[in-house]
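Inspection log for the structure reproduced underneath, given as structure tokens.
The values are calculated or read from the model by the stated rules, or taken from the named source; none is laboratory data. In this text, all values refer to a predicted model and were calculated from it rather than measured experimentally. We place every Cβ from the backbone using ideal geometry, glycine too, and count neighbours over all the protein chains shown.
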Amino acid sequence: MSKNKIAIVDTDIHERIQYKDILDYLDEPYKHYIANCHWIQEKHMPYTQPATAGVDRADAILPDGRPAGTDLPFMQKQLLDDIGHEFGILTGALDPSPSSMHGWYEMAAALASAYNDWQIENWLEKDDRLYGSVHIAAQEPHNAVKEIERVGSHPKMVQVLLPIDDIMWGDPYYHPIFEAAEKHDLMIGMHHNEPPVYYGKWPRYFIEWHTLIPTAHMKQITNMIFNGVFDKFPNLGLIMIEGGFTWVPHLMWKMDQQYRDLRHEVPWLKRKPSQIMKEQIRVTTQPAEELNKKEFMSLIEQMGTDEILCFSTDYPHWDFDSPDRALPNMDPELKKKIFADNAKAFYPKLPKTREG
């Protein structure tokens, strides 16, 4: 329970690894490649965030200089205890995601497995408030399914994490991933990773990239819906992480209009896209656009439901959203839904209340 007596379920917390953290979880020869051959993952972003500490809040960097998000006790004190989280979902910071590696998929699969084991042992099993995301190497779905089968039944794993990059995940080639996730009561979490333009390149400036992130989220939702993922897997949910939310009504209207005109092309779709969004898709609030109460309530009305939005902080990043300041004041029942209940209803494996 938070200090202001409002339960907080944070749907985007970035714990972070350094390679030395997961060496003991890696099998050979992959451990050798990192420890002795100095292999590092390819970097993808050509610019840094225009903040004092780059991608992170300056005060989230540990006193001994270690990167933000690498120490559980520090995060407990600065985030979980200070805000008073009831639950938090870890979304990681293995940058880039193993699913975004453009080659050597065996290494990608090894990194994902090591990350999952490290996350479980060092975070999930040491704080009852924290729940995790299954990291996979999805370029070859059989490897992804194998990893979901290995750790997906863990009671504190609540979703499979996929990057938003140059892969359109609705393609039937990737459906075995969704089948495995549904089997283990896991939702799909998507977080942007590469340029927010399908098969595109980086914009010239960071401000362009940061502005365009929602377009990447819109592309993935459109692709997933029209490729029939949610009709094929009726118990599967998708949560779009760190893309804001003011674009949601527009996408609903646009897809519904296209469905009315072109539904003969997608005969497997049995519901309006907006209905699918209401029933199976959720969107995290961060980075929350600055709306007043009237604007915010109008947006909720346009969505046709108050169950889509799930609160997130994006800790420890520079554009962290505080639950006290990110959203306008709202009625207590709506506040309870957005800050906690919508996430609890969305994730089957997330407890409805925290014991103790």
Within the stretch 293-316, is there a residue that is crowded, with 17+ Cβ neighbours inside 10 Å, small (Gly, Ala, Ser) and free of Cβ contacts under 8 Å to residues at least 40 places away in the same chain? no
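Yes/no matrix, rows are residues, columns are (1) farther than 30 Å from Pro73 by Cα; (2) under 22 Å from the mean Cα position of the chain (by Cα):
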position: Asn235; (1), (2): yes, yes
position: Leu238; (1), (2): yes, yes
position: Ile241; (1), (2): no, yes
position: His250; (1), (2): yes, yes
position: Glu265; (1), (2): yes, no
position: Gln280; (1), (2): yes, yes
position: Met297; (1), (2): yes, no
position: Ile300; (1), (2): yes, yes
position: Glu307; (1), (2): yes, yes
Residues that are in contact with a helix residue (DSSP H, G or I) (Cβ under 8 Å, 6 or more places away or on another chain), surrounded by fewer than 18 Cβ atoms within 10 Å (Cβ to Cβ) and more than 26 Å from Gln286 (Cα to Cα), drawn from the stretch 147-170: Glu149, Arg150
Hand me the list of helices (runs of 4 or more DSSP H) wholly inside the stretch 1-104 holding 3 or more residues that are surrounded by fewer than 18 Cβ atoms within 10 Å (Cβ to Cβ). 19-22, 30-35
Please go through (1) more than 30 Å from Asp59 (Cα to Cα); (2) of a type in the set (Val, Ile, Thr); (3) out of contact with any Phe, Trp or Tyr (no Cβ under 7 Å at 6 or more places or on another chain) for Thr284 and return the number of the only condition it doesn't satisfy. (1)
Assuming Lys254 fulfils every condition listed in (1) out of contact with any helix residue (DSSP H, G or I) (no Cβ under 7 Å at 6 or more places or on another chain); (2) basic (Lys, Arg); (3) touching a residue at least 24 places away in the same chain (Cβ under 8 Å) apart from one, which condition is it? (3)
Residues Leu238, Leu269, Leu262: which one is loosely packed, with under 15 Cβ neighbours inside 10 Å and either on the phi > 0 side of the Ramachandran plot or of a type in the set (A, V, I, L, M, F, W, C) (or both)? Leu262
Out of Thr215, Thr246, Thr222, which single residue is surrounded by fewer than 22 Cβ atoms within 10 Å (Cβ to Cβ), under 18 Å from the mean Cα position of the chain (by Cα) and either touching a residue at least 60 places away in the same chain (Cβ under 8 Å) or closer than 19 Å to Leu269 by Cβ (or both)? Thr222
Name every residue in the stretch 83-112 that is among the charged types (D, E, K, R) and within 24 Å of Pro46 (Cα to Cα), in order of residue number. Asp95
Scan the stretch 153-171 and give yes if some residue there is in a helix (DSSP H, G or I), without any contact (Cβ under 8 Å) to a residue 60 or more places away in the chain, over 18 Å from the mean Cα position of the chain (by Cα) and over 30 Å from Ala340 (Cβ atoms), otherwise no. no
Quick one: which residue in Ile241, Ile177 is at pLDDT 95 or above and in contact with a Gly (Cβ under 8 Å, 6 or more places away or on another chain)? Ile241
Of those in the stretch 193-209 that are modelled with pLDDT of 85 or more and either in contact with a helix residue (DSSP H, G or I) (Cβ under 7 Å, 6 or more places away or on another chain) or surrounded by 15 or more Cβ atoms within 10 Å (Cβ to Cβ) (or both), the residue nearest to Asp12 (Cα to Cα) is Trp209
